[in-house]
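Novice: One structure, pasted below without further comment.
Please treat every number below as a calculation from the coordinates, not as lab data. All figures in this text were calculated on a predicted structure; none of them were measured in a lab. No Cβ is skipped: glycine too gets one built from the backbone with ideal geometry, and neighbour counts run over all protein chains shown.
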Amino acid sequence: MPNITVLDQNTINKIAAGEVIERPASVVKELLENAIDAKSTAITVEIKEGGTTFIRVTDNGCGIPREEVSLAFLSHSTSKIKSVEDLFTISSLGFRGEALASIAAVSQVELITKTSAGLTGTRYQIDGGEERTVEEIGAPEGTTFIARNLFYNTPARKKFLKTPATEGAHVAELVEKLALSHPEVSIRFIQNNQNKLHTSGNHNLKDIVYTVFGREIASNLLEVTVKKDQISIHGYIGKPVIARGNRNYENYFINGRYIKSSIISRAIEEAYRPFMMQHKYPFTMLHFSIEPEMLDVNVHPTKMELRFRDGEMVYHMVYQAVSGALAHKELIPEVELEKKREEKQGFAGKKFEPSPEPFEKRRLMAMEQQAVTEEKKETADSFPKRLTPPQPSFVKERNELSENWLKPQTPAINRLAEVPAQDVIPKSEKVPEQLDLFDGKLLEPKARTRHKLIGQLFDTYWLVEFNEQLFIIDQHAAHEKVLYEKTMGTLKEMECISQLVSPPIILTLNQNEEVLLKRHLKYFTDMGFEIEPFGGREYAVRGVPANLFSIAKKELLIEMIDGLSEDGSSHNPDIIYARVASLSCKAAVKGGHSLSAAEANGLIDQLLSLENPYACPHGRPTIISMSKYELEKKFKRIV
Ligand code: ADP
Ligand code: MG
């Protein structure tokens, strides 16, 4: 065994840096928070190569007195708190007192700082935790902090850095969050010598929302201002039309910190529920001021968890604030404009030759067909119009679509003739274990006539009796699965026929989304999307796959991009196809409405004819079963 030695402080700092400093964005976070804590009113953040080689943060704050500069770089040195309990009673952001030590341990740092009391400033250099110089220098009031070549002395950690574009996108996202959480500070962000963001520091949150998220979001906001006892909430929430496919746009700040709280998130999402489709998340930008005695702070080395003394009260307050803002508002999106756009669109050019059977046309034909079926009245009765507020036009269209797909063309019994008279149990290797349940029984075409549809339970589940078994089919999951397979079929048929969209659909993307779009652009192009830069953060979608024409609206495109960021590093075009298919059917499916028995039979027919009817596209089961035996055991008829 080697001798036991005490690690030197430098090594300890390098290890500690691992907890605090993971990537350029973590350096920027610490430096930016320090600058805000120093009461700065203007801060510039500059990075090059995603921050991997150069990070600069300049502020006009209080500066550091010369005699305290070295001290500031020792770990656990802080001027801000004496104990962890102070954390939420003070307004400062940093508290661990280890950020500067950690940054200096893994990069080459240069600091120039001057206090208002100091006659001259101080220049200080420290590389990999080794002090190089301390000298007097002429400088403006405030602090400039430069960190070069992150992880230059810890190659193992450097390997974990992503490309400069990705790292840069993380930094941009962080700077945006901090700018949004501090409307009183003017923040400028420069990336590779280009100005990327500049907030005015005029305290106006809406201005920053405009600067960060663009015009479309800024023009669809509802204001929230409530105050009760020790809590006040101020900010904006997005109208449901600007809902997104993930939680990245659900922002709120508690006493100036970007912190997640499950109570607040749940209250927000619950309040939006009646206005939103499933799996959609709102845009919110809410600032909470909460008296420290209402908070319980539990500090864990790597994450911070926030608890409320009275969580229920907070939940109700947030729920009511958000519901209140959403209620009594005109939330119907402007359908007229959309219609006009569609009328103007057409096929053009060689790439735009009409597909043999355009999606839109087929849809119309299906609608006509529907009009003559005897089912019509029943459908109208059994698809009660939702009591929830109106949905955007694209949703309605997709719902119509789904209803058509669902319609049994002929009664179930006649359809049996069309089913090949052989076993349709999938032979693929993906057969789920559940197969045993049905083993050549439920799925056998001949068996279909012997399925006894008992009825519907809780407006959601269909009960089918067959062969001493009770099968329970989740209508929602079944519906989704059937639509998914249809859409996948349509996508695969398509031969990259692009259909012109005029005027183009304009998307405003953040840097992260831009990186993802660029990375996957080829797949989008292959599918028939034509997307090109449109200046700044905007992208113009000039063409969409002809087969998806009627549903490829802005919302779908944004959701696709949101989905990419959820799926992480998916490079596989199949994943994108699957994503598109699942999105388009998800949007089309509504839960909780009752189907007529004939419709249910049609749905079950279609479900059972699929290769894998057992799970919906999201992996939830579509069918479960219970045997007569199990039931009898439960009733103790059998022991
Ligand atoms: P913490 O922020 O947790 O106190 P840091 O290691 O980030 O610890 O900083 C150590 C100390 O250095 C701070 O407490 C503060 O006194 C000083 N300091 C750091 N950055 C600045 C700055 N930009 N302006 C003024 N003082 C600063
Ligand atoms: Mg700090």
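Novice: Rank the residues ILE561, ILE497 as a footprinting-exposure proxy: fewest other Cβ atoms within 10 Å of their Cβ go first.
Specialist: Starting with the residue having the fewest Cβ neighbours, the order is ILE497, ILE561.
Novice: Quote to one decimal, in nm, the extra length available between THR120 and VAL134 on full extension: 0.36 nm per residue of separation minus the C-alpha distance between them. Numbers along the way, then the final one.
Specialist: Numbers: separation 14, 0.36 × 14 = 5.04 nm, distance 1.28 nm.
Working it through step by step, the gained length comes to 3.8 nm.
Novice: Taking amide hydrogens as modeled 1.01 Å from N in the peptide plane, which residues meet the under 5 Å criterion relative to GLU530, leaving out close sequence neighbours?
Specialist: ARG542, GLY543, VAL544
Novice: Where in region 34-57 is the amide nitrogen less than 15 Å from a point lying 7 Å along the Cα-to-Cβ axis of ASN192?
Specialist: Correct set: 47-54.
Novice: To continue, here is another question. Rounded to the nearest 0.05, what FRET efficiency do ASP296 and SER262 give with R0 = 22 Å and r taken as the Cβ-Cβ distance? Could you check?
Specialist: Details: r = 14 Å, r/R0 = 0.64.
Efficiency at R0 = 22 Å is approximately 0.95.
Novice: Just to be sure I understand the model, the point goes 7 Å from the Cα along the line to the Cβ. What's the resulting LYS518 to LYS39 distance in nm?
Specialist: 4.2
Novice: Among 453-461, 214-222, how do they line up by average Cβ neighbours within 10 Å per residue, starting with the highest? Working shown, then result.
Specialist: On the way: 453-461: 13.4, 214-222: 16.6.
Packing order, densest peptide first, comes out as 214-222, 453-461.
Novice: Please turn the phi angles of region 256-266 into ³J(HN,Hα) values with the Karplus equation 6.51 cos²θ - 1.76 cosθ + 1.60 (θ = phi - 60°), one per residue in order, whole Hz, x for glycine and proline.
Specialist: For region 256-266, the Karplus-derived couplings read x, 10, 7, 9, 9, 9, 5, 5, 5, 4, 5 Hz, x marking Gly and Pro.
Novice: Now for a different question. Kindly flag which residue pairs out of LYS29/LYS239; LYS228/LYS280; LYS206/LYS260 have an alpha-carbon separation exceeding 25 Å in this structure. Don't jump to the answer; show the numbers that get you there.
Specialist: Numbers: LYS29/LYS239 30 Å; LYS228/LYS280 29 Å; LYS206/LYS260 22 Å.
From the list (LYS29/LYS239; LYS228/LYS280; LYS206/LYS260), the Cα-Cα distance tops 25 Å for LYS29/LYS239; LYS228/LYS280.
Novice: Can you give me the distance in nm between label points at HIS316 and LYS227, each placed 7 Å from the Cα along the Cα-to-Cβ direction?
Specialist: 2.1
Novice: Return the long-range amide H neighbours of PHE54 (sequence gap of 5 or more, or a different chain), with a cut-off of under 5 Å between placed amide H atoms.
Specialist: Hits under the 5 Å cutoff: LYS48, ASN149.
Novice: Apply the Karplus curve 6.51 cos²θ - 1.76 cosθ + 1.60, θ = phi - 60°, to the phi angles in region 164-179 and return the couplings in whole Hz, x for Gly and Pro.
Specialist: These are the phi-based 3J(HN,Hα) values: x, 5, 5, 4, x, 5, 5, 5, 4, 4, 5, 4, 4, 4, 5, 4 Hz.
Novice: At 7 Å along the Cα-to-beta-carbon direction for both MET626 and LYS452, put a label point, then send me their distance in nm to one decimal.
Specialist: So the two model labels end up 1.6 nm from each other.
Novice: What does the net charge come to around ARG132 if you take all other residues with beta carbon closer than 13 Å to its beta carbon, with K and R at +1 and D and E at -1? Don't jump to the answer; show the numbers that get you there.
Specialist: Working: positive: ARG123, ARG148; negative: GLU110, ASP127, GLU130, GLU131, GLU135.
The answer is -3.
Novice: Let me ask something else about it. Check ARG244: other-chain or 5+ apart residues with amide H under 5 Å from its amide H, H built from backbone geometry?
Specialist: Residues meeting the amide H criterion: TYR281, PHE283.
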